[in-house]
Structure formats: C-alpha cells, structure tokens
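Before any comments, here is the structure.
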Amino acid sequence: MARSLIPTLAAASAALALVLVALSLTTRHVGAVVSLLFFLTLVVASAGLIAMAAQRKPPTRPTPSVVTVVSCLNCEYREEREYRAGAFVLKKLGSGAKCGGELFISAIYAVAKAREGQA
Amino acid sequence: MLSIKLAQLLPSGDPYQMLFSLIYLLAFIMLFMVFNQHFQRMWWTRDVEKALVKLDRYVKRSKEVLYKTVVDQGKPDADPSKAIDDFLEFFVIEPVDKDPYGVLKRLEHILDVERSRFRTFVAYIAPRADPASAANLEDLLAVTMALNLIYKITRHYLILSKRTKSLLVLMQIAYAVPLILRTAEAYYNSLDAFSTGKPIGDSAGPMVAGRFMLGHPCFQVAEDVVASEVPFEGRTLIVLKADGPGGKVGKPGDAVVKVVEEHRERVARIIMVDAAAKLEGERTGQVAEGVGAAIGDPGPEKYKIEEVATKYKIPLDAVAIKESIEEAVSTMKKEIVDGVEAAVERVKNIIRTRTKEGDVVVLAGIGNSIGVGNG
C-alpha cells in the first residue's frame, strides 16, 4: 500500500515545486521561504523517482523452445521437430520414408523465442 | 573608509536568504563528507540483499524441481524431501597437499567415494529410476547443492559485514555479486536440461565422438565410459565417450590408458575433443585446435592420459569447442551444434593429414553425456 503511494507522492511534489517556482517569480517578499520549500519538494520528488526506478522489474529472459533434428543414415534427409520427452541425440527412430534408411536424432538444441513485438 | 571595507567582508542582502544558504551548505557538507561512508554501506548492503533474495528464489525453485523430478522418475515409497534437505549439506574435504606426493591418487579416491555416495543416495530416494534418469538426478542434485552453497556463502559474508561493521568485507562481496549471480543463473538455467535429459553445452565432446560411433557396436571400456572400434579410411579409430544418454562424465583417463596399453606402439595419435570456456568476445561454437589433454577434470584423469601418452611418446591433439560457462550447463545452443559439425570435420582432417593407413587412433569425446546416446 505504502509502495503504491510513492508515484503519487513524487508527482504531487513535482507539481508543488512548479507552483513554488511560479510563486517566487510573482511574490517578492517570501523568496527565502519559497526557495527552502522548493529545495525540500525537489528532494521528495527525486527520492520518489529513485524509488520508482528501483521498483522497476528487470526484463525476463524469453523461454527457449527446443528443436530435435532428425536425419537419415543413408541420405541427406533432414527434418526439424519439436522436442519430446525421452528424445536424445543418436536415438534410432526406425526406417525413413524416402530411402528406407534408418532415421536417428542428429541434434537437439534450444532456440530462444523472440520477444513480443520483435521480429 | 575602514567600516566600508569591513562591511564588504560580511554577507549582505536578505538575512533569511543568507540563513538558508548556510543551511544548504551545511546539509551538503553533511551529505557528502560525514554520511558518505554510511550511504555507501547502505547501497552495498542493499545490492547484496537484493542478490540474496534472487539466490533464495533460485534455491527454492531448484529444490522444487529436484523433489518433483525425484517423485516423477524415482517413484519413492516415502517423501524424499527430508532426506534431500539433509543431503544438500554434504561436503567433500580435499586431500592435504602440503606433501604433494601421491596427491592425485588420494584425490581420485575421494572423488570415487563422493561419486559412490551420490549414486547410493539417488538409488535410495529414487529406487525406480532407470539408469539414465538416475544419472540425470545425480547432476540435478549437484546443481541444487551448488546453488544452496552459493546462497549460503553470500549470506555469510553479508551477515559477517553487518556484525563486524567491516566495510572491506561488505565491499568485496558487493563487487563479487554480479559474478556470483552470473554463475548462479547458469546453474539455475540448467535445471530444465538436467531434469528432462536434454543435451547441454558440455555434451559437445561426446556428441563429436557419437558421430563417429554411429552404426558401430560399442562396449564398456572403463567406469561409465564406452568405446567403439570404427574403421576410417584405412585407419582404426577407437572412439571413447561417457556412457549415455544419462548425465555421466565417466573416467576417460582409465579408458585411454586401457586402450593404449592394449594397442601400445600401434597408436599413432590421441585426439581429445572437449568443450572449452571461451573468453568474452569470442564466438560460441568456434573450434580451436592445440596440443595436450583436453579435459577439465580436477586432475586425476588428465594426469593418467598425459602419463600414458608420454610413456609411449604418442602425440596428443586437442580440439576445443568454445562456449561460455553458462552455455556449458544450459540446453545446447544451435551455435554449439554447428561447432560440433565443424569439430567432426576438424578431427577427420587431423586423421587424414597426421596419420597413415594401418594406424590406430584414439578419439576421446570428453564431457557430460546427458542427452547423447552411444551411437
């Protein structure tokens, strides 16, 4: 609750600082008091902004997707599939559809997913 | 005349303005000179405390993953959480090295006992896990222990700095925090690979060996190490790798010694392929070549290989696939797979150009065999 008040407090202090600047330009006799208040409000506003920056969460790393590469022992056949539990590199997968040669998993690797809004 | 000059030395103008100027001045002096160290201590403490919160989250998450994997794969009869929590405090005391005579044999003995304790413990908490899953659970347990240790050491230095009010202790841990977090994040990111059995960056060496073993029968040659005899352009390759697809590194030193002692002078070269830590700025998956025993063990296995190579005057070739520490323990990246392909070609080139037909060549793929079968 107290943390959610920080941005409001910072914004109010910044607004008060602007009002005091305007007041010091128009009123001649209260310059010293106004400047002290101006100084204090600036301190409050700065502290609020620093607190807001500290609250900001670091960007989370995108979860990588894992790809399984299936190749044929006899020909140049190559296919990329989504990783499934139990898969491992050099695992034999039976006969291939094209040349009848044996298929095996030649690689498993992670591909980082692009973040939303990025190509 | 004199009075005018004295008056010039005194501040003039609005007295309130002067008073407040003096207050500002004193405030700034207090801020930057008197409380400077106090503020610095606050900032450093806050940095370390923030890192501790993160490390605590990593430890809790890794324990959750470990419990879940043990229950899913090992199907224990009783709740294993208490036994796991107790085992996380397990430690290894390195042998005394003030008298270095025989230190590697003593170290090997202690590492053997450590491995045996891990194996026995995993068999106890996960009695129904298959051999590959049990090996992965050992790795997962080791990762959780490492994260727990990192958290406890960081917390120790923070509390020590608070109790002793030592700025020096606090400064050291605060400046080490980015590197500590980097290592911890690497271990944290490896949880997925170790819990599901996917190949990691360190599996690059066994992957290269596996490419040569593909389609050839393999046999056990040493503890957790398998070998295949592979004919290659008139030469005989004896290809070695850790027994996969479980997370094992085996004892490749014993395997190389056994194979070389069997073939003796017929062995023309020993080629070792391993993942190597890259320097910042180097490309992941880059392949480099050199000489020597390419193996990152604590010492005993490397010593055995160097010893037998020296005994029979066999040249040792090293092929390194570059990757960062984080990449070495995380699920393998595409760049490392490309590095594996390049390393296979590099090994073929070494065999073609530096050996002749009829020679025996020992090829050892060093590293963790998690997610890599035996071909």
Count, please, the residues in the stretch B:1-59 that happen to be at pLDDT below 75, charged (D, E, K, R) and either exposed (fewer than 11 other Cβ atoms within 10 Å of the Cβ) or part of a helix (DSSP H, G or I) (or both).
1
For helices (runs of 4 or more DSSP H) lying entirely in the stretch B:270-366, having 3 or more residues that are within 14 Å of chain A (Cβ to nearest Cβ) picks out B:325-329, B:334-354
Restricting attention to helices (runs of 4 or more DSSP H) lying wholly within the stretch B:135-240, give those where 1 or more residues are farther than 21 Å from residue A:110 by Cβ.
B:167-189, B:204-213
Residue ID - nearest to residue A:85 (Cα to Cα), chosen from residues in the stretch B:240-294 that are of a type in the set (Lys, Arg) and in contact (Cβ under 8 Å) with a residue 60 or more places away in the chain
B:248
So the check is Cβ under 6 Å with 6+ separation or different chains; which pairs have a first residue in the stretch B:355-369 that's touching a residue at least 40 places away in the same chain (Cβ under 8 Å) and a second one that's part of a loop (DSSP other than H, G, I, E, B)?
B:357/B:234; B:361/B:355; B:366/B:295; B:368/B:247; B:368/B:249; B:369/B:244; B:369/B:248
Suppose the filter is of a type in the set (D, E, K, R), assigned by TED's automatic domain parsing to the domain that holds residue B:137, modelled with pLDDT under 95 and under 25 Å from residue B:176 (Cα atoms); does residue B:89 pass it?
yes
Qualifying residues in the stretch A:47-99 (those that are among the β-branched types (Val, Ile, Thr) and at pLDDT below 90) - the one surrounded by the fewest Cβ atoms within 10 Å (Cβ to Cβ)
A:60
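The values are calculated or read from the model by the stated rules, or taken from the named source; none is laboratory data. Given the structure is predicted, the values throughout are model-derived calculations rather than measurements. Methodologically, a virtual Cβ is constructed for each residue, glycine included, from the backbone with ideal geometry; neighbour enumeration extends over all protein chains shown.
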